[in-house]
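Inspection log for the structure reproduced underneath, given as structure tokens.
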Amino acid sequence: MTTIEEKLIARPRWEDLRVTGSLAAGFAIFWLAVYGGASLLAGLHAVRFSIHLEGEPFVPFVPWLSVVYLSLVPLMLLSLLVFRTWERIVPLLCVLVAETLAAAVFFVLLPVREMLPRGALSGLSGAMFTLADAMNLEGNYFPSLHVAYAFTAAAAIGRRGGSRAGALFMTWAAAIAVSTVFLHQHYLADIAGAIALTAGGMMLVHPRVESPELLRAVRLEMTCLAEMLRFARRDARYLVVALGIYGRSLFRWRRLRGIRAGFCLMQQLDDILDGDRPSPVEPLEVAEDVLRQMRCWSFDDSSAGRLARCLWEETARFENGDDLRRQVMGLIEVMQRDRVRARDRLLLSREELRDHHRATFHSAVNLMLVFGGAELRARDVPDLIELFGWCSTMRDLREDMKKGLVNIPASVVQEAEAQGLRSLDFDSALGTPAMRSWMAAEHERAKDLLKRSDETLSRLARRRGAALLRMFHRSIQRFESRIARRHEWLEAAPPRAGRSLHRHTGP
């Protein structure tokens, strides 16, 4: 293998190609949307400009050059092998994105009149031209994105492969540019504009997105997006959460990076500890390894390691960074206790369960508010924190019991067993008076908490963070309505006296 070949095409790993292929597919969707959208907008008005030189209408039409024109496709696919890791292909894709957006502005504001005549089409060359012509929509002339993409890919590959590779691929790109003229797809001015577009992209965009800091930030966002999609595939409600997080991040992207990383890290660990995500080792060891990395400030290159590194770096922006880090680690330790409870089939008393949920959601909500720049803190909304615990318990009661995680007080389980319960699963337990009475009491408690939480949030409405907390309050309120409709007997059967609104000290 020659030196140039060694530089250009090392043996690719399928994992690398999968990632770069996904990025390329995402760019293809972006291109279709922007390129097609620009053509559609340009067609809404009748203004057209003439930019051709005097002799250009007499350039011969050579349909067999469609083969050269269409060779842009293998040239772009070859870049997946050359830039086979995400770090190498991201700068190229960023340049292509910038070129596409810039060209779209010209397509809409400077639509060019089609002036060049074409000859008759027949045979294989005619079929090839028909395919080539389909790639070039109406009005998308100046600058030629087809030529810009060819020269950009050639320039980027040349940077990696050296001068000889650069000359080879630049010749290929030049041949593609020439083919556009003889196929009457573009004018010489379009090619000149494409070359200028390529030069601007490679000089202004490419160096900036090659920096290690930016690439690490890109990789973090890719990790967050991959985790969000994985959560959403498991349960549609996480899609709503993801849209909410990204919606709030839209105009404060850098500032809210800690929220995105923190949510993804905690949900990933929660899924592993709950058994919702397979793990090759004991889930407790996975969580403990993340804690070890946090204690040592030394993070590996796993998705959890990248997310934890980001979260730790974000805490350094706050004066109480040490306290925030303790809260993060404490939250992971609380989540570990759920794994121990499920593994050992442990039962907790009523107050132990509520204390456990308070510890979980007080830290989670507090961290969310801090990283989101809110003025409020979890201590300001104690009733809402209690509601988080109630909602989490009731929403996942059936699934948790399948995993061995029982969020029913030990006294209720014992009473149900005295009433004939033989198997500790949701459907069996629901058939006992003890279980129904406990659920009715919890439902009454939730309604009371919702009322008090609403009053508290109304008093705090003008403080930063109140709107976010109000959104969660409404979400829990909707869940309370759904569960009441699902189990109509919750409203019909009043809870046992003394158990609806008050805390209990015994099991």
Taking Cα pairs closer than 8 Å and at least 6 residues apart, the relative contact order of the chain in percent is 11
Over all viewing directions the Cα convex hull of the chain casts an average projected area in nm² of 32.3
Burial-style ranking of 78-87, 153-162, average other-beta-carbon count within 10 Å with highest first, yields 153-162, 78-87
For the Leu44, Arg398 Cβ pair and Förster radius 45 Å, calculated FRET efficiency rounded to 0.05 is 0.25
Relative contact order of region 132-233 (C-alpha contacts under 8 Å, at least 6 apart) in percent is 32
Expected sort for 200-210, 325-335, 455-465 on mean C-beta neighbours within 10 Å, highest first, is 325-335, 200-210, 455-465
By the mean-Cβ-within-10 Å protection proxy, highest first, 270-278, 236-244 rank as 270-278, 236-244
Computed from the beta carbon distance with a Förster radius of 25 Å, FRET efficiency for Ala236 and Asp454 to the nearest 0.05 stands at 0.40
The rounded separation in angstrom of the Cα centers of region 315-348 and region 356-402 is 13
Measuring from its Cα centre, the chain shows a charge dipole (+1 at each Lys and Arg Cβ, -1 at each Asp and Glu Cβ) which, in debye to the nearest 20, is 880
Taking region 325-393, the equivalent ellipsoid from its C-alpha gyration tensor has semi-axes in Å, biggest first, of 23, 15, 8
A convex hull over the alpha carbons of region 222-344 yields, per residue, a volume in Å³ of 106
Scattering profile of region 375-507 from the Debye formula, Cα beads only, expressed as log10 I(q)/I(0) at q = 0.10, 0.14, 0.21 Å⁻¹, is -0.36, -0.67, -1.27
Cα extents of region 154-235 per principal axis, largest first, Å, are 54, 30, 21
Inter-part gap, Cα centre of region 46-101 to Cα centre of region 208-265, in whole angstrom, is 32
Quick calc, region 375-507, dipole around Cα centre from Cβ unit charges on Lys, Arg (+) and Asp, Glu (-), nearest 20 debye, gives 580
Expressed in nanometres to one decimal, the distance between label points 7 Å along Cα→Cβ at Ser428 and Glu54 is 9.6
Among Pro433, Val82, Ala316, the residue whose Cα sits farthest towards the positive end of the charge dipole of the chain (+1 at Cβ of Lys and Arg, -1 at Cβ of Asp and Glu, taken about the Cα centre) is Pro433
Dipole check, the chain, charges on Cβ (K,R +1; D,E -1), about Cα centroid: among Thr171, Leu96, Gln327 the Cα furthest to the positive pole belongs to Gln327
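None of the figures in this text is laboratory data; all of them are computed from the coordinates on show. Worth saying up front: this structure is predicted, and the values here are computed from it rather than measured. Here the Cβ is made from the backbone with ideal geometry for all residues, glycine too, and neighbour counts use every protein chain on show.
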